[in-house]
């Protein structure tokens, strides 16, 4: 058995990670000769891409825009699969105080996670819609994501940048008035929400291992899509602070983003388009050279 360390994207396992846990529970990795160790993000060790580059883990679940920043620095990492076909970033609000468009944000107080890129996307949308970005007050939440239920208190009017398929779904289970726009619906630039990256050295030297990992992972995501209830049962063992109802609802919401007919495939045109947008907003120095950090070569 080959011991493999997968490091996730967040402080705790959440619904979009269900494919790994269910694949492990059903023995799909074991069938491929893999002993998979799954760990969550540890802020004292930095995120999964930094840990990957340092050789502390074998596979990083992370975000394509962050992989581009590493590519820009010359770090040798490559995405071998796209987990989601789109982004989960959204504008979340209470429909008793509805927000119908970006223009309705003028004069509002918006809660955001700590991310210059997330705030820049909203500034871009406001400029695009003729709204002064300075007419919005941002309240930044860190390390926790802004909880959409805070909207009820009047502290904020909406949440921008948090995930509709997690924070949105969980909040709606507790407050049926919670609603959202997925950011592409508002005209925001978007890209795959998450990717799986390995060191370039691993990609060059251990092709069969990567293929085996991705084969088992694809089966895990397909199994989670087919049976969100079983996925929920597996996930609450890893994150017992949530309920089976939480996980079942959120896994069900995630399923359409998993692109199961062509799981793992990168949309190279979209990646290039997003790189160009990042550069146009001074979030990347160059939009060239990033496509080499995304490969289809190992997909099942």
Return only the number of the condition from (1) in the same structural domain as residue 255 (by TED's automatic domain parsing); (2) over 29 Å from residue 236 (Cβ atoms) that residue 101 does not satisfy. (1)
Out of all the residues in segment 122-129, is one or more touching a helix residue (DSSP H, G or I) at 6+ places or on another chain (Cβ under 9 Å), closer than 30 Å to residue 268 by Cα and assigned to a loop (DSSP other than H, G, I, E, B)? yes
Against the condition outside the structural domain of residue 251 (by TED's automatic domain parsing) and touching a strand residue (DSSP E or B) at 6+ places or on another chain (Cβ under 8 Å), how does residue 134 come out, does it pass? no
Return a yes/no flag: does segment 86-101 have any residue that is touching a residue at least 12 places away in the same chain (Cβ under 8 Å), surrounded by 23 or more Cβ atoms within 10 Å (Cβ to Cβ), in contact with a helix residue (DSSP H, G or I) (Cβ under 7 Å, 6 or more places away or on another chain) and in a loop (DSSP other than H, G, I, E, B). yes
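Are any residues in segment 24-48 in contact with a strand residue (DSSP E or B) (Cβ under 8 Å, 6 or more places away or on another chain) and not in a strand (DSSP E or B), and if so, which ones?
Residues of segment 24-48 in contact with a strand residue (DSSP E or B) (Cβ under 8 Å, 6 or more places away or on another chain): 24, 29, 33-41, 47-48.
Result: 24, 29, 33, 40, 41, 47, 48.
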Suppose we filter segment 165-190 for residues that are without any contact (Cβ under 8 Å) to a residue 40 or more places away in the chain and closer than 19 Å to residue 257 by Cα; how many remain? 1
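The values are calculated or read from the model by the stated rules, or taken from the named source; none is laboratory data. Just so it is clear, the model here is predicted, and its values are computed rather than measured. No Cβ is skipped: glycine too gets one built from the backbone with ideal geometry, and neighbour counts run over all protein chains shown.
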